[in-house]
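Have a look at the structure below, then the notes.
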Amino acid sequence: MPETQVFSVNPQSPNTECIQIAADVLHKGGLVAFPTETVYGLGANALDSAAVARIFVAKGRPVSDPIIVHLHDPSQLSLVARDVPDLAHDLVHRFWPGPLTLVLRRSPDISPNVSAGMDTVAVRIPNHAIPLELFRVADLPVAAPSANRFARPSATTAAHVFEDLSGRIDVILDGGAAVIGLESTILDLTRTPPAVLRPGGIALETLRALIPDLEVISKHLRPEDEGIQAPGMLYKHYSPRAELLLFAGSLDLVVPAMQSSARQLVETGRRIGILAPNAEQRYFVGIPAQIFQLGDDLSEISHNLFTGMRELDAAGVDSILVHGFEQSGLGIALWDRLLRAAEGRVIWC
Ligand code: AMP
Ligand code: MG
């Protein structure tokens, strides 16, 4: 078991010495966690299959769940992918660095275990100075899933990474909280028409404007669904330890349903937590619950969601009540994460 070293790194101007230490760890086949604009990533040299194998062990992640390869420059695309279509170059030009992951044909240089044996590879350039500088100094493509134990809420701060992976990885670069707080949008360009496999930081509406025949493949795949396009998309994911109760419908029906459910649970002796936007705190006054304030708008709610799940877990609640948000922009990615954290169960109001 490695002792995990944590370095505090300035996210605007990363400290050269820390970056060099982390780059050396990658070259030696070790594991480095770093912030990105979406969530924290757990990186290994994508050209070293033994290093990549360590990611699966550290996270407790099934080897059937492929990993995204991260680059620092679009010129590295030819190293990781082959037969790159023109559309990919257009999208790279427009969205990289940024929260859009492209699924392309895998180059033989990339370890097959990165892609769970498939002949495709998922790839992106993160929009964050720390990983960009780390990858540039290491001069490697870096395989990096989210830096959390498998099926747990993604890590959006270095403290979350430490909580899940301390003693299992070599280095954590602490660059403060991830800004977006939800993972990248995954777009599969090996399919015709192209298909979104996971909604995320780039809105579906934005992609649809460029790709009118864009498909969105069921985001809520179950393990028993055979031939799945994104094998990592098991049904239960992003979950707090507490049971998550997901309410949906119009707010005038959702609020009374949440209030009465909360009261009933309290009466049966359960400790409850509520994830609620700031403007909705007032609906729960007088109910003995731990309330986590999600923020005012969809970007604040996205930024705070995983932290909220982890904080309510730390407070020892048994059940967490939350409702879905509007189905546009980041609201679609939020719904995907909430639905999977709730294991697909929705309380429609
Ligand atoms: P994360 O662990 O949060 O970075 O999740 C990465 C996700 O990307 C996985 O769970 C997969 O669903 C998806 N993914 C990675 N590589 C591929 C690929 N080659 N084809 C399809 N989906 C992929
Ligand atoms: Mg993940």
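Read-outs: derived from the displayed coordinates by stated rules, not from any lab. No experiment lies behind these values; they were computed from the predicted model shown. Virtual Cβ from ideal backbone geometry, glycine too; neighbours counted across all protein chains shown.
Values computed for the structure shown
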{"read-out": "Projected-area average for the chain over all orientations - Cα convex hull basis, square nanometres", "value": "17.1 nm²"}
{"read-out": "Test item: Cα-centred dipole of segment 48-184, Lys/Arg +1 and Asp/Glu -1 on Cβ, debye", "value": "300 debye"}
{"read-out": "Ellipsoid semi-axes in whole angstrom, largest first, where each is sqrt(5λ) of the Cα gyration tensor of segment 262-314", "value": "21, 13, 6"}
{"read-out": "Computed [θ] at 222 nm, helices only, for the chain once each DSSP H run of length n ≥ 4 contributes -39500 (n - 2.57)", "value": "-9500 deg cm²/dmol"}
{"read-out": "Convex hull volume of segment 31-105 per residue (C-alpha atoms, cubic angstrom)", "value": "101 Å³"}
{"read-out": "Debye log10 I(q)/I(0) for segment 1-126, one point scatterer per Cα, at q = 0.10, 0.11, 0.23 Å⁻¹", "value": "-0.33, -0.40, -1.49"}
{"read-out": "Cα→Cβ-extended label distance, 7 Å offset, between residue 208 and residue 8, nm", "value": "4.5 nm"}
{"read-out": "Cα-projected label distance for residue 236 with residue 347, points at 7 Å along beta-carbon direction, nm", "value": "1.9 nm"}
{"read-out": "Top positive-direction residue, dipole computed over segment 22-145 with Cβ charges, set 95, 79, 23", "value": "23"}
{"read-out": "Lys/Arg +1, Asp/Glu -1 at C-beta; the chain dipole; positive extreme among 253, 321, 264", "value": "264"}
{"read-out": "Translational D in µm²/s for segment 246-349 (Stokes-Einstein at 4 °C, 1.567 mPa s, Kirkwood Rh from C-alpha pairs)", "value": "95 µm²/s"}
{"read-out": "Tilt relative to the chain, helix 86-95 - C-alpha long axis, 0 to 90 degrees, to 10", "value": "60 degrees"}
{"read-out": "Residues whose placed amide H lies under 5 Å from that of residue 174, excluding near-sequence neighbours", "value": "7, 8, 9"}
{"read-out": "Relative contact order for the chain, counting Cα pairs under 8 Å that sit 6 or more residues apart, in percent", "value": "20 percent"}
{"read-out": "With eigenvalues of the C-alpha gyration tensor scaled by 5 and rooted, segment 115-179, Å", "value": "20, 17, 12"}
{"read-out": "³J(HN,Hα), Karplus 6.51/-1.76/1.60, whole Hz, each residue of segment 152-164, x for Gly, Pro", "value": "7, x, 4, 7, 10, 9, 5, 5, 5, 4, 4, 4, 8"}
{"read-out": "Where Rh is the Kirkwood radius over Cα pairs, Rg/Rh for segment 75-193", "value": "0.96"}
{"read-out": "Equivalent ellipsoid dimensions for segment 127-227 as semi-axes, Å, which come from the Cα gyration tensor, largest first", "value": "29, 18, 14"}
{"read-out": "Sum of side-chain charges, residue 165 neighbourhood, beta-carbon under 15 Å (Lys, Arg +1; Asp, Glu -1)", "value": "+2"}
{"read-out": "Residues with amide H under 5 Å from that of residue 106, placed H, sequence gap 5 or more", "value": "82, 120, 121"}
{"read-out": "FRET efficiency, 1/(1 + (r/R0)^6) with R0 51 Å, evaluated for residue 57 and residue 253 via beta carbons", "value": "0.65"}
{"read-out": "Amide proton proximity set for residue 274, modelled H, under 5 Å, gap of 5+", "value": "290, 291, 292, 321"}
{"read-out": "Whole-Å distance, taken between Cα centres, linking segment 305-322 and segment 157-188", "value": "18 Å"}
{"read-out": "Point-charge dipole on Cβ atoms (K/R +1, D/E -1) for the chain, about Cα centre, debye to 20", "value": "620 debye"}
